[in-house]
Each structure stands twice: as structure tokens, then as C-alpha cells.
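S.K.: Sharing a structure, written as C-alpha cells. Questions coming.
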Amino acid sequence: MKKLIYVALGGIFLSLFAFEGPMPAKAAEPIKIGFLAPYVGVYTKLGTDMRDGFKLYLDEIKNKAAGREILFLDEDTEAKPEVGTTKTRKLVEKDNVSVLAGIVHSGVAYAVRDYVTEKKVPLVICNAGAAKLTTDERSPYVFRVSFANGQQDLAAGWYGYAKLGIKKAIVMAPDYSAGHEKADGFMKTFKFMGGQVGEEIYPPLETPDYAPYLAKLVNYVGKVDRVWAFFAGSDAIRFVTQYQQYGLKDKLKLWTIGDTVDETFLPSQKDAALGIENYLHYAFTLDTPENKRFIKAYEKKYNYDPGQFSEQGYVGAKTIVKAIEMVKGKIEDKDAFLKALRSVKFEAPRGPFKFDDYQNVIENVYMRRVEKKDGKYLNVVFDNVPDVSQFWMPKK
Amino acid sequence: MKTEKYSRVVKSPLLFLGIPLLFLILFLPSLVSNYYVGLAIQILVMAIFATSLNLLVGYTGLPSLGHAAYFGVAGYAAGFLYLAGMKNLWLMIILGMGLGAITAAIFGLLAIRAKGPYFLIITLALAQVLWAIAFKWRSLTGGDDGLPGIGRPEIGLGINLKADPHFYYLTWVIFLLFLLAFSILINSPFGHTLRGIRESESRMKALGCNVWLYKYLAFIFAGSLAGISGVLWVCYDGFVNPSNLGINLSITGLLMLILGGGGSLYGPALGAGIIVLLENIVSGFTERWSLCLGMIYIVVIMLFPEGIFSVMRRGR
Amino acid sequence: MAFWILQTLNGLSFSMLLFLIAAGFTLIFGLMKIINIAHGSFYLLSAYIGLTILHATGSFLLALAAGSLAAVILGIVMESFFLRRFHMKDLQQVLLTFGFVLVISDLCLWIWGGNPQTLPIPSGFEGSIWIAGMVFPIYRLLVILLGVLFAIGLWIFQEKTKIGAIVRAGVDDEEMLRGSGINIQMVFAAVFALGALLAGLGGIIGGPFVGVFPGVDIWILLLALVVVIIGGVGSLKGAFVGSLLVGLIDNFGKALFPQFSLFTIFAPMAIILAIRPSGIFGRLEK
């Protein structure tokens with residue numbers, strides 16, 4: 001009898017989601033957007049920020065575009081490629097989404113690239129920076145509104161040499177693809193201008209203790225101008241605080257990408273981050289009407305400050321909706337929709353937004369410095385390099 | 001007499017559900033969307049992985065927490081072969097099994113000496129070393145980005161594996177062949193010796209059995225069989241990356257085995273089915289799926305310490 | 001010269017943190033043969049609670065007490081209501097403790113969010129001092145001091161107290177201990193709580209320099225496993241020596257051979273295992 005109960009339970013359990021066939025989409029039916037992001041693990045904050053930004057835009061247009069309702073479907077990729085592909089299949093084959101968006105982790109993006117191309121579902125990447133996704137491994141169905149690893153760093157290599165007087169630098173980044181790609185971007189333009197790299201140091205991801213590496217850097221004081229660095233997450237907090245604790249902060253200045261001193265880490269880094277010069281394609285303090293409006297709306301809805309990833313999500317949503325409007329809601333006409341996506345241009349919180357020929361974003365890069373205003377640590381903009389694409393090179 | 005009673009107990013739920021279940025299995029692709037066919041494929045592949053692990057854990061009494069090593073090595077091999085232009089699935093499987101065996105042969109030398117929880121920790125560490133190598137060796141393995149662009153291989157006979165339903169049926173065939181081979185293995189004298197070792201090593205030694213050798217061979221067989229699942233997984237998903245060697249996968253395999261019940265032929269497969277389905281259903285309902293999954297594991301192990309299959313089998 | 005002093009001090013400070021975590025793990029495993037995959041969860045929970053208390057009261061000591069208490073409570077709940085019935089059953093323990101890992105980590109994610117954070121350094125210990133011509137953070141020296149104090153304290157406990165003797169006897173021969181009429185359940189519960197306490201202390205002490213973030217629980221667990229394998233399971237001496245070795249080798253390894261940084265933790269372990277499968281001070285099971 002007990003056996004029978006177990007077996008019956010098993011049957012009910014299975015039937016929970018068996019026999020759900022696909023539903024074909026018809027015009028005037030809602031447009032489904034599938035969103036992929038990690039909601040567990042180390043990348044959670046990036047995922048939730050990105051989603052919040054995305055949904056803010058959908059709220060602003062009251063979930064309607066070109067007369068059709070927009071349905072937002074959310075799936076957790078756990079930042080794992082194999083989970084990412086499963087969830088993507090679910091969104092495409094079970095839920096019949098017309099377009100996909102999101103993705104924080106580059107591994108996930110690489111994993112789904114072939115699939116979305118084969119299934120002809122446009123994907124608007126809102127973070128994953130893997131450079132090849134918009135070069136060697138590009139696809140007509142893959143777009144990216146965030147950045148390519150190395151993109152902002154191209155501008156920084158030139159700026160560091162030409163404007164900050166850096167002639168010799170040490171390069172430090174975590175030992176994984178993004179770290180290497182960003183470092184390569186910096187070194188490309190830096191060396192092009194005549195800069196010299198003393199040493200490249202790549203600590204493993206999630207190094208608890210940068211002390212062994214920082215102790216080496218002490219030897220370079222006076223011999224190089226700056227240390228170029230990229231770190232993110234808890235690595236960024238540890239690196240910056242330990243950098244100060246080992247006395248390097250004032251003796252060997254940093255020139256770093258904005259991730260390292262992101263506003264989310266500044267409350268933990270505190271004075272250790274003060275004065276650090278950095279660069280990014282976005283800044284919370286950017287004084288434009290669009291950015292101010294975006295921040296106000298975001299804070300009103302969510303009660304916390306938006307950051308880089310919030311803005312990326314927001315821009316992703318706007319890009320998709322603008323394209324939907326351009327094709328007057330007929331998203332099922334794939335070629336027309338792709339063409340529309342490619343031609344999207346608007347004023348984003350970060351400044352002017354448009355795609356290059358490889359469907360990667362062209363954007364400004366802002367030079368910032370960490371300052372303390374009214375007890376709050378912020379990255380304040382002091383300069384910018386406009387219209388930086390993933391292929392940007394300086395004129396010598 | 002006892003076997004008769006046993007087989008009757010096993011047969012009756014199968015008879016009751018057997019026919020509709022068979023129908024479901026055979027016609028799944030035409031009944032549900034491709035997404036579920038994909039889940040079914042994942043379940044089958046993980047079932048092979050968990051069952052191969054069971055050779056070590058359930059039958060020999062060696063709890064390994066590094067089984068992903070062989071899965072991953074075979075997966076990378078399949079990836080390299082495909083990207084080099086050699087797209088024959090059978091070749092991939094043979095190479096995958098071979099590499100799984102070689103890796104197990106090397107690791108076994110280091111691990112077999114340890115017992116119980118020590119063995120657990122050492123196998124974990126060895127798999128981590130492989131993971132670190134795959135992560136670090138970007139020029140060969142693509143580092144953490146992995147190797148994408150691995151398409152479906154060819155199996156000859158003009159059958160195109162690109163369609164998920166075809167891959168699904170192929171996986172069933174391979175799974176059944178695997179189960180057959182596995183059950184022959186565990187019911188052979190070799191298999192019985194392994195069970196004897198699990199029960200009492202000292203007794204087996206006293207009987208003159210070379211316990212170390214049997215453990216070592218079991219380790220190699222398990223690694224080799226895991227290779228089959230590693231190859232299939234990469235061919236299905238279309239890419240390979242360090243997580244194929246990772247601790248998460250090793251733990252998942254072990255969990256499937258424990259949940260379903262080690263020491264039985266079908267336990268791990270049942271566990272694989274339950275965990276894959278659970279993960280996907282629950283994450284569809286709530287963002288707190290990890291919390292739910294954790295609570296389910298705790299409740300299940302408290303209620304069914306021997307695994308779910310054992311409950312069904314014993315029919316208390 | 002300065003380089004070596006600096007690196008040694010660095011290595012020692014990391015070692016002391018490892019010791020707190022590994023000591024707890026090895027005690028629990030040595031006496032009860034429990035593999036507690038949720039050992040890192042004690043660290044995680046303690047660090048988050050400590051963070052909240054610190055922000056609310058500004059007192060490091062209060063945070064230390066609150067965090068450790070939380071870890072101890074979790075440990076007692078886990079042991080008494082769940083783990084107790086799976087004595088000597090490795091596999092069930094794995095599934096059970098893994099379930100706890102998921103539950104605790106997701107609860108912490110839900111309550112404290114996904115943003116990585118660090119605990120502020122206790123006031124008075126911020127800043128750095130000059131040692132041998134180089135700058136060294138004061139807090140790290142405090143960590144070394146605390147680690148050594150705890151090591152001594154644990155040694156006294158193990159060698160000089162009655163309970164310590166009971167624990168030592170239990171690690172050596174559990175059957176004898178049961179036969180001697182001592183309430184073994186109490187001893188087990190107490191040791192498990194002690195292990196949780198040590199890991200919880202690690203969360204607050206390590207919080208300022210390692211930080212707390214989703215995923216740190218597994219990270220801590222892996223480190224504890226490595227130390228315990230090298231040092232030998234069940235031995236506090238082994239945990240101490242193992243931590244020293246791992247901390248120093250990791251530190252010098254990264255400084256001298258940065259390209260092999262990923263391996264500096266696992267390589268010494270593989271070497272030790274090849275020579276002595278039970279670790280330096282461990283004993284092969286009967």
C-alpha cells in the first residue's frame with residue numbers, strides 16, 4: 001500500500017510539468033522576453049542589479065510596446081554554462097520567447113551563442129564581456145550593450161600615457177579570461193603610444209591574500225609610474241584595502257578600471273580607495289539630464305543606488321523595445337527585427353548609445369576619481385574619451 | 001526462493017506503471033516540447049555518471065568525491081577530437097573511456113591507500129588539481145571560457161544527431177547497453193569480490209584476496225565508465241569548460257547516488273532523475289530554489305536514509 | 001632580508017586564520033568521524049551576523065560574541081537534531097550537511113544580499129607599522145597573536161583538562177570511551193559546538209581581511225580540508241602544523257612563482273599524500 005502511494009506521488013510529481021506542449025505566438029499576443037542572470041553565488045549582485053535596471057525600463061513603458069504587451073520571463077543561470085544552456089532552452093522551447101537578454105558570465109554567453117544562432121533568437125547581452133563574442137565568434141543574433149573586455153581599457157592605455165604621464169607600468173589582473181582580455185586591451189594602446197610594461201602579475205581569482213604580490217610591488221616604487229589593475233567582487237575589496245595596508249597607496253599610484261572601486265565596494269574600502277583614478281563607460285555622478293532622471297526613477301522604485309550593471313540592464317531593455325517599435329511590433333519578422341536592433345540609437349544614462357558593425361556597443365569612457373562628498377564615497381568624473389568601440393585606437 | 005520473492009516485489013510496480021511509462025519514454029519527443037527531451041537526455045547522462053560512481057561507492061565501499069575528473073577528461077577529449085575534425089561519436093567514446101581509465105589509474109595509485117573519509121578528501125583534491133590545470137591552460141582548454149562550438153558528432157548510418165529527439169534515442173540505447181554491461185560486471189565474480197570488500201576488508205584479506213588490486217581495478221572501471229557520460233554530455237551541450245571537472249559535479253553525482261540509494265543497480269539513476277527534475281522545477285517557481293533544494297535533501301535523508309529506491313524495493 | 005620577514009609574517013597571519021577553521025574541522029572529524037561539509041557555513045553565518053552587530057553597535061567584541069554564538073547554536077542544532085542519528089554513516093552525512101550548506105547560504109543571501117563585504121577592522125588596530133623597512137598592517141599582527149593564543153588554549157584544553165583527556169581517548173578508541181561510562185552524547189555535542197565556535201571565531205577574525213560574500217563557505221571548507229589532510233586528521237598538532245605549512249608555502253609560492261599560484265595550495269597536499277597518506281600527524285584508521 002505504501003509502495004503504491006510512493007508510486008502515485010512520483011506520478012503526480014512527474015505530471016507537474018509533463019504534457020505541456022509549445023504554444024505558437026500570434027500577432028497581438030504578448031511579446032515574451034527571456035532574461036538570463038545569476039541569482040545565486042558570487043555574481044548575484046550583478047544579476048539582480050541588471051534585472052532591476054531592465055525591469056525599470058519595462059515599467060516606464062508600462063510593459064507595452066507597439067501595442068503589444070511585454071511579458072518578462074526570468075531564469076537563474078547560477079553563472080554556470082550548463083545551467084545557462086538548460087534555462088535558455090526552457091525559455092526558447094517551452095516558453096517561446098521572441099528575444100533573450102541578460103547574461104552576466106562570459107562562459108554562459110559562449111555556451112548559448114551557437115544555440116541562439118541556430119534557433120534564430122536574438123540575444124542582447126547586458127554584461128558578459130568575452131571579447132570574441134563580438135569578433136571571431138560573433139553572430140548576427142548576438143548583440144552586446146555593455147562592453148567588450150578590453151574596450152574601455154583601450155582608451156585607458158592611451159589616456160594613461162598621453163594625459164597622466166604614465167611611461168612605465170605594472171599590470172595586475174586576476175588570472176582568468178576577463179582579467180587577461182582587459183589587461184591586453186590596456187597594454188595594446190599603452191605600448192602603441194610607447195609605454196613600457198615592467199611586469200604582468202595575475203593572481204588567481206578569489207585570492208584571500210594579495211600580500212605576497214604586494215610585497216613584490218614595493219620593489220617597483222620609484223621605478224615605475226603606476227600600477228594598472230583590474231579586480232572585481234570581493235577581490236576588489238581585498239586588493240584595494242590591502243594595497244593601502246602595505247603602504248603602497250601613496251607611493252605607487254593605481255590606474256584602474258571602475259570595477260575595482262565600484263560604488264558597491266567603496267563603503268567597505270573607505271579611505272583606502274580615496275583618490276584612486278579610474279575609468280568606466282558609466283558613472284553614477286555623470287551630470288546629464290538622462291542620468292539624473294534614471295537615478296531618480298531607480299531609487300524611487302528600488303530604494304537603493306543604481307550602478308554599472310543596473311544601467312546595462314536598463315539600456316538592454318530600451319534597445320529591445322526601441323527595435324520592437326521600429327518594426328511596429330512585428331518581432332516575428334526576424335530579419336527586420338535584427339536590422340532594427342542594429343540601427344538602434346539613443347541617449348542612455350551613460351551618454352550616446354549605438355552599435356558598431358559587429359553589434360557591440362560604442363560608448364564614451366569616463367575618467368573618474370574616488371572622492372568623499374557629504375560622508376559618501378563616490379566616483380567623480382573629471383574627463384572622458386568619446387565614442388570608444390572595441391577596435392578603438394588612438395591617433396599617435 | 002528468496003530471489004523469487006525479491007523479483008516479484010521488484011516487478012509489480014514496474015508492471016503497474018510499466019506500460020504507460022514505456023509509452024512515455026518511447027514517444028516523449030512527440031508528446032512534449034524539446035526542452036523536456038533535453039532534460040531527459042541530461043537525466044540519462046547523469047544516470048550513467050552516478051551509476052559508474054556507484055561501482056566505487058555502493059559496491060566497493062569507496063566514497064569518492066572526485067569522480068568529475070574522469071567525466072571532464074573524457075569531455076575535453078571529445079571536444080578536442082571534434083574541433084580537430086574527427087566527429088565520430090564512437091571514436092570519442094572509446095577515447096573518452098580510455099582517458100578516463102588512464103586518469104583513474106594514475107589517481108588510484110595515490111588515493112586507494114586511504115580509507116573512508118580520507119579517501120573522500122583525497123579524491124576531491126586530485127580532481128581539483130585537474131580543474132586548476134584546465135582553468136589555467138587557456139591556450140589549450142580556453143581557460144574558464146571553455147571550448148564552445150562543439151557540434152553533434154556523427155554515428156554513421158546516415159542518422160543526424162542534430163535533432164534532439166535523435167540524440168535522445170541514442171542516449172537511451174547507450175544507457176541501456178551501459179546498464180547491461182554494468183550489471184554483468186557487478187554480478188560477476190569480480191563484482192562479488194567487491195561486495196565482499198565493502199562488507200569486510202579484513203575478512204577478504206584473510207581469504208587471500210588481493211584487496212588493493214580489486215579496489216584499484218574498480219577505481220579504473222568506474223573512471224572509464226564515467227568517461228562515457230562525459231563524452232555524451234559535451235556532445236549534447238555543445239561545449240566543454242572546467243566545471244566539467246569541478247567539485248560541484250562530483251558532489252551532484254554523489255548526491256544522486258545517496259538520494260536514490262547506493263548498492264542497488266537502479267538507485268543512482270533514480271536519484272539522477274529526481275535531482276535533475278527537482279532543480280529545474282523548483283528554480284522555475286522561486287528564486288529561493290537553493291533553499292528549497294537544501295531542505296528537501298535534509299528531509300529526504302532523514303526519512304529515507306538508505307535512499308528512495310531502497311524504500312520502493314523493500315516495500316515496507 | 002626584509003622581503004623574507006614580510007612574507008613570513010604574511011604567511012603566519014594567513015596560517016592562523018586557517019588554524020582556527022581547520023582545528024574545528026579536525027576535532028569534529030577526529031572524534032566523531034563526521035565530515036561536515038557545512039563547516040564553512042559556520043564561518044559564513046558568524047561573519048554576516050558579526051557584520052550586522054558591528055554596524056549597529058560599533059563593538060568588535062560584541063560582534064565576536066554574537067557571531068560565535070550564532071555558529072554554536074547552528075552547530076548544536078545540526079548535531080543534536082540531525083547528525084546524531086547518522087553516526088559512522090559517511091554518505092548520509094554528506095547529503096545532510098550539503099543540504100545545510102544550501103539552506104544556510106541561501107538564507108544568508110536572502111537576508112544580507114549578494115554584495116561582497118568586509119568587516120571593519122576593530123578600532124585601535126587599523127593602520128600599519130614599519131617592520132624591517134617595510135609597512136605591515138597592525139591587524140595582521142593581532143591575528144597572529146590571537147591564533148597563537150587559541151592554539152595554546154586548545155593545547156591546554158587537550159593535554160591538561162579532563163575533558164581534553166576524554167576527547168583524546170575518544171579519538172584514539174571510541175569503543176573504550178563508550179565502555180567507560182562517560183556520557184558520550186554530551187561529549188560529542190560539546191566537541192561539535194567547540195568546532196563550530198572556532199569556525200565562527202574565524203569568521204569574525206578573518207572577516208576584516210578575507211571578507212564575507214556568497215561562496216566563501218565552500219572556499220573556507222576547501223582550505224580546511226587541505227590543511228587537515230596535510231596535518232593529519234584528528235590531530236590538533238596536525239592542524240597547527242598543517243596551517244603553518246599551507247599558509248607559508250602558499251605565501252612564498254605565490255611570491256616566488258606567481259604563474260603557479262593556482263597550485264600552491266594543492267601541490268603540497270599532493271606531495272604529502274604521496275609520501276604519507278594519512279597526513280603528517282594523522283593515524284591510519286584501523
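The values are calculated or read from the model by the stated rules, or taken from the named source; none is laboratory data. Computed from a predicted model, the values in this text were never measured in an experiment. Please note: Cβ atoms are built from the backbone with ideal geometry, for glycine as well, and neighbour counts cover all protein chains shown.
S.K.: Any residue that is under 15 Å from B:A47 (Cβ atoms) and at pLDDT below 90 - is there at least one of those in region B:279-292?
M.R.: No, every residue in region B:279-292 fails to be under 15 Å from B:A47 (Cβ atoms) and at pLDDT below 90.
S.K.: How about region C:110-223: which helices (runs of 4 or more DSSP H) wholly inside it have at least 2 residues that are closer than 20 Å to C:G24 by Cβ and either in contact (Cβ under 8 Å) with a residue 24 or more places away in the chain or small (G, A, S) (or both)?
M.R.: C:138-160, C:162-172, C:184-210
S.K.: Next up: Go through region B:209-316 and tell me which helices (runs of 4 or more DSSP H), entirely inside it, have 2 or more residues that are more than 14 Å from chain C (Cβ to nearest Cβ) and within 19 Å of the chain's Cα centre (by Cα).
M.R.: Correct list: B:211-237, B:267-285.
S.K.: Quick one: which of A:I362, A:I295 is under 16 Å from the mean Cα position of the chain (by Cα), of a type in the set (A, V, I, L, M, F, W, C) and under 25 Å from A:I257 (Cβ atoms)?
M.R.: A:I362
S.K.: Among C:G206, C:G200, C:G238, which is buried (at least 24 other Cβ atoms within 10 Å of the Cβ) and within 14 Å of chain A (Cβ to nearest Cβ)?
M.R.: Being buried (at least 24 other Cβ atoms within 10 Å of the Cβ) and within 14 Å of chain A (Cβ to nearest Cβ) holds for just one of C:G206, C:G200, C:G238, which is C:G206.
S.K.: Count, please, the residues in region A:249-263 that happen to be in contact with a strand residue (DSSP E or B) (Cβ under 9 Å, 6 or more places away or on another chain) and either more than 22 Å from C:G114 (Cα to Cα) or in a loop (DSSP other than H, G, I, E, B) (or both).
M.R.: Within region A:249-263, residues that are in contact with a strand residue (DSSP E or B) (Cβ under 9 Å, 6 or more places away or on another chain) and either more than 22 Å from C:G114 (Cα to Cα) or in a loop (DSSP other than H, G, I, E, B) (or both) number 8.
S.K.: Before we move on, is B:T60 away from chain A (no Cβ under 14 Å) and modelled with pLDDT of 95 or more?
M.R.: It is false that B:T60 is away from chain A (no Cβ under 14 Å) and modelled with pLDDT of 95 or more.
S.K.: Continuing with the same structure: Hey, can you tell me all the residues within region C:107-131 that are crowded, with 18+ Cβ neighbours inside 10 Å and more than 10 Å from chain A (Cβ to nearest Cβ)?
M.R.: C:L107, C:C108, C:W112, C:P122
S.K.: Tell me, yes or no, whether region A:174-187 has at least one residue that is out of contact with any helix residue (DSSP H, G or I) (no Cβ under 9 Å at 6 or more places or on another chain), assigned to a helix (DSSP H, G or I) and not hydroxyl-bearing (S, T, Y).
M.R.: Yes, region A:174-187 contains at least one residue that is out of contact with any helix residue (DSSP H, G or I) (no Cβ under 9 Å at 6 or more places or on another chain), assigned to a helix (DSSP H, G or I) and not hydroxyl-bearing (S, T, Y).
S.K.: If A:A323 meets every condition in (1) assigned to a strand (DSSP E or B); (2) touching a Ser or Thr at 6+ places or on another chain (Cβ under 9 Å) apart from one, which number is that one?
M.R.: (1) is the only condition that A:A323 fails.
Residue-wise test of (1) buried (at least 24 other Cβ atoms within 10 Å of the Cβ); (2) without any contact (Cβ under 8 Å) to a residue 24 or more places away in the chain; (3) over 22 Å from B:L81 (Cβ atoms); (4) over 24 Å from the mean Cα position of the chain (by Cα).
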{"position": "B:T123", "(1), (2), (3), (4)": "yes, no, yes, no"}
{"position": "B:V129", "(1), (2), (3), (4)": "no, yes, yes, no"}
{"position": "B:A134", "(1), (2), (3), (4)": "yes, no, no, no"}
{"position": "B:W137", "(1), (2), (3), (4)": "no, yes, no, yes"}
{"position": "B:L140", "(1), (2), (3), (4)": "no, yes, no, yes"}
{"position": "B:L147", "(1), (2), (3), (4)": "no, no, no, no"}
{"position": "B:G151", "(1), (2), (3), (4)": "no, no, no, no"}
{"position": "B:E154", "(1), (2), (3), (4)": "no, no, no, no"}
{"position": "B:G158", "(1), (2), (3), (4)": "no, yes, no, yes"}
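S.K.: Which members of region C:80-106 meet the condition of being touching a residue at least 12 places away in the same chain (Cβ under 8 Å), within 9 Å of another protein chain (Cβ to nearest Cβ) and small (G, A, S)?
M.R.: C:S105
S.K.: Looking at region A:145-184, which of the residues that are of a type in the set (S, T, N, Q) and more than 14 Å from chain B (Cβ to nearest Cβ) is farthest from A:F382 (Cα to Cα)?
M.R.: For region A:145-184, the residue satisfying everything is A:S146.
S.K.: What tally of residues in region B:66-88 results from selecting those that are in contact (Cβ under 8 Å) with a residue 12 or more places away in the chain and part of a loop (DSSP other than H, G, I, E, B)?
M.R.: Qualifying residue count for the region: 3.
S.K.: For the subset of region A:91-115 comprising residues that are within 7 Å of another protein chain (Cβ to nearest Cβ) and buried (at least 23 other Cβ atoms within 10 Å of the Cβ), which member is nearest to A:Q359 (Cα to Cα)?
M.R.: Of everything passing the filter in region A:91-115, A:R113 is nearest to A:Q359 (Cα to Cα).
S.K.: Search region A:283-298 for residues that are farther than 12 Å from A:G351 by Cβ and pair each with any residue that is assigned to a helix (DSSP H, G or I) and modelled with pLDDT of 95 or more when their beta-carbon atoms are under 6 Å apart and the residues are at least 6 apart or on different chains.
M.R.: So the pair list comes out as A:Y298/A:L56.
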